[in-house]
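Remarks on the structure that follows.
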Ligand SMILES: [Zn+2]
Ligand SMILES: [Zn+2]
């Protein structure tokens with residue numbers, strides 16, 4: 001008996017969490033927190049599973065939409081082992097501790113009594129049940145045996161893995177978030193290409209067609225050209241970045257552009273959580289499969305850590321490159337606070353290199369015209385945007401074409417589509433039906449159990 005149950009609340013990229021039942025073993029796959037919902041609404045549908053034991057959990061990678069509620073579920077199952085890669089262990093701890101701080105200040109500000117949903121001390125406690133596992137090495141999910149798992153590099157952020165479950169001769173592959181091409185630091189996914197029975201496939205970019213002319217390096221050159229133009233005109237550049245993953249990849253990319261003489265040497269300013277995450281990337285620089293083996297980002301020429309005291313903004317100076325979090329310019333974060341002055345200067349450039357949620361200040365900035373007022377912080381006056389704003393595509397997720405290609409190569413009997421909005425998932429379903437007519441393509445109803453054999 002193999003069963004699957006999505007514990008997300010909607011068909012969306014929210015609090016990713018799934019239950020995989022392999023015979024009498026119940027395995028939790030990821031335990032995320034919704035990036036836009038608050039309090040209990042940000043949790044997966046845990047109430048559907050709490051009345052029965054869980055035997056193990058696996059964590060695909062550290063992003064909070066996969067890891068953010070792990071301490072909450074572990075509170076209910078204190079003995080349950082949680083398997084992940086060693087790098088995910090380090091990164092998820094740092095992100096969860098930061099999440100406690102964010103929840104605490106939100107709790108005070110918005111009057112949400114449940115916040116924080118867990119404490120620093122609880123993270124230390126649940127961490128004892130985290131068990132790092134190496135990629136490519138099969139391990140048992142439970143001491144009584146019968147169900148095993150093997151991790152494979154997913155190329156998405158450091159430590160991200162796809163998980164191949166094996167149970168009674170059947171193979172079930174969960175991609176997690178995946179990227180098949182090389183990034184500046186990470187190499188593309190190294191997934192098994194053998195025959196798989198059930199493929200649980202992420203669909204983030206299912207709604208986005210890939211420009212056939214696109215290449216990561218030509219996009220990097222386009223960014224360098226815009227930056228050069230701005231710096232030549234005595235402006236400064238701001239690149240709002242997620243603290244983990246996008247920050248490190250972007251700094252490495254700027255370093256590569258400088259080495260290729262496409263970009264002048266200038267100071268990159270990073271701060272706060274980004275420094276912490278970059279140091280963890282550096283710690284693993286020789287231990288993981290990647291490009292620029294051993295190169296430490298904190299030692300890259302021009303990289304400056306900004307704040308001397310917590311929350312202090314870096315000085316706005318001409319010719320600098322501000323690689324600050326958060327990526328969507330969320331209120332109160334460094335990129336948002338600096339933007340209050342930054343966007344008023346017509347010489348400056350804001351370069352968007354990651355995903356911006358339509359409700360985010362970053363998206364409002366992208367949508368705005370030069371000279372238009374933009375609301376960056378709901379408690380402050382809008383700011384007139386005079387600077388240049390440009391978007392670049394450096395996604396950490398696989399193109400929909402490469403996801404389909406992967407599905408074709410493992411020829412599964414069933415595909416379960418997850419981690420995408422409705423439009424993205426529908427496109428994937430249609431295309432898979434065309435390409436793999438014998439495969440059953442399933443869009444799981446949130447909460448509903450699905451029998452897979
Ligand atoms: Zn992710
Ligand atoms: Zn995700």
Would you work out the Kirkwood radius for the stretch 216-391? I mean one over the mean of 1/r across all pairs of different Cα atoms, in Å. 16.3 Å
For the pair residue 51 and residue 331, how long in nm is the line joining their label points, each one 7 Å along Cα→Cβ? 4.0 nm
Where in the stretch 2-23 does the label zone of residue 391 land, with the point 7 angstrom along Cα→C-beta and an amide N cut-off under 19 Å? 13
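What is the fewest-to-most order of 290, 264 by other Cβ atoms lying within 10 Å of their Cβ?
Details: 290 22, 264 15.
In order of increasing Cβ crowding within 10 Å: 264, 290.
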Angle, helix 422-435 long axis vs. longest principal axis of the chain, Cα atoms, 0 to 90°, nearest 10? 60 degrees
For residue 105 and residue 36 in the same chain, what is the full-extension length gain: residue separation times 0.36 nm, less their Cα-Cα distance, in nm? 23.3 nm
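For residue 433 and residue 219 in the same chain, what is the full-extension length gain: residue separation times 0.36 nm, less their Cα-Cα distance, in nm? Could the numbers behind the result be given before it?
Numbers: separation 214, 0.36 × 214 = 77.04 nm, distance 3.22 nm.
My answer for the length gained is 73.8 nm.
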Extension reserve of the residue 138-residue 120 stretch, reckoned as 0.36 nm per residue once the Cα distance is removed: 3.3 nm
Need one word for the stretch 37-125: rounded, prolate or oblate. Basis is the Cα gyration tensor (sqrt eigenvalues a ≥ b ≥ c); a/c below 1.5 gives rounded, then a/b vs b/c decides. oblate
Simple spin-label model, 7 Å along Cα-to-Cβ: residue 451 to residue 285 in nm? 5.5 nm
Provide, for q = 0.14 Å⁻¹, the log10 of I(q)/I(0) from a solvent-free Debye sum over equal Cα point scatterers in the stretch 171-282. -0.76
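Fewest first, what order do 198, 161 take by the number of other Cβ atoms within 10 Å? Don't jump to the answer; show the numbers that get you there.
On the way: 198 24, 161 33.
Least to most surrounded, the residues fall as 198, 161.
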Hull volume per residue for the stretch 237-335, using the convex hull of the C-alpha atoms, in Å³ is 94 Å³
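Restricting to the stretch 262-390, what percent of DSSP beta bridges are antiparallel, rounded to 5? The partial results should precede the final answer.
Values: 2 of 10 bridges.
Of those bridges, close to 20 percent are antiparallel.
Please label the shape of the stretch 17-87 as rounded, prolate or oblate, based on the square roots a ≥ b ≥ c of the eigenvalues of the alpha-carbon gyration tensor (a/c under 1.5 means rounded; beyond that, a/b larger than b/c means prolate, else oblate). It would help to have the intermediate numbers written out before the result.
Values: a/c = 1.85, a/b = 1.24, b/c = 1.49.
Oblate is the answer for the stretch 17-87, as a/c is 1.5 or above yet b/c matches or exceeds a/b.
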Given a Förster distance of 41 Å, report the FRET efficiency between residue 298 and residue 369 from their Cβ-Cβ distance, rounded to the nearest 0.05. 0.60
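Taking every DSSP beta bridge that has both residues in the stretch 163-216, what percent is antiparallel when rounded to the nearest 5?
Details: 5 of 8 bridges.
Just about 60 percent of them are antiparallel.
What Kirkwood hydrodynamic radius do you get for the chain when you take the inverse of the mean 1/r over all pairs of distinct Cα atoms, in Å? Please list the in-between numbers first.
Numbers: mean 1/r = 0.0441 Å⁻¹.
Hydrodynamic radius (Kirkwood, Cα pairs) of the chain is 22.7 Å.
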Determine the shape class of the stretch 193-248: with a ≥ b ≥ c the square roots of the Cα gyration tensor eigenvalues, call it rounded for a/c under 1.5, and otherwise prolate if a/b is greater than b/c, oblate otherwise. prolate
How do 8, 439 rank when sorted from fewest to most other Cβ atoms within 10 Å of their own Cβ? 439, 8
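Over the Cα atoms of the stretch 73-193, Rg to Rh with Kirkwood Rh, two decimal places?
1.05
Let me have the relative contact order for the chain, percent, based on Cα pairs under 8 Å that are six or more residues apart. All intermediate terms of the calculation are to be shown ahead of the outcome.
Working: 1019 pairs, mean separation 76.6, N = 453.
Computed value for the chain: 17 percent relative contact order.
Once every DSSP H run of n ≥ 4 in the chain is given -39500 (n - 2.57) and the sum is divided by its residues, what mean residue ellipticity at 222 nm do you get, rounded to the nearest 500 deg cm²/dmol? Show your work: numbers first, answer last.
On the way: 11 runs with 128 residues, N = 453.
Rounded to the nearest 500, the figure is -8500 deg cm²/dmol.
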Roughly how tilted is helix 246-259, in degrees to the nearest 10 and between 0 and 90, from the longest Cα axis of the chain? 50 degrees
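Based on DSSP, what percent of beta bridges with both residues in the chain are antiparallel, to the nearest 5? Intermediate values should be presented prior to the final figure.
Values: 30 of 63 bridges.
For the chain, the DSSP antiparallel bridge percentage is about 50.
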Normalised contact order of the stretch 216-391, rounded percent, pairs of Cα under 8 Å and 6 or more residues apart: 26 percent
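Quick note: the coordinates plus some simple rules give every number you see, no bench work behind them. Predicted model, so just to flag it, every value in this text is computed and none were measured. Because the Cβ atoms are built from the backbone with ideal geometry, glycine has one as well, and the counts that use them run over all protein chains shown.
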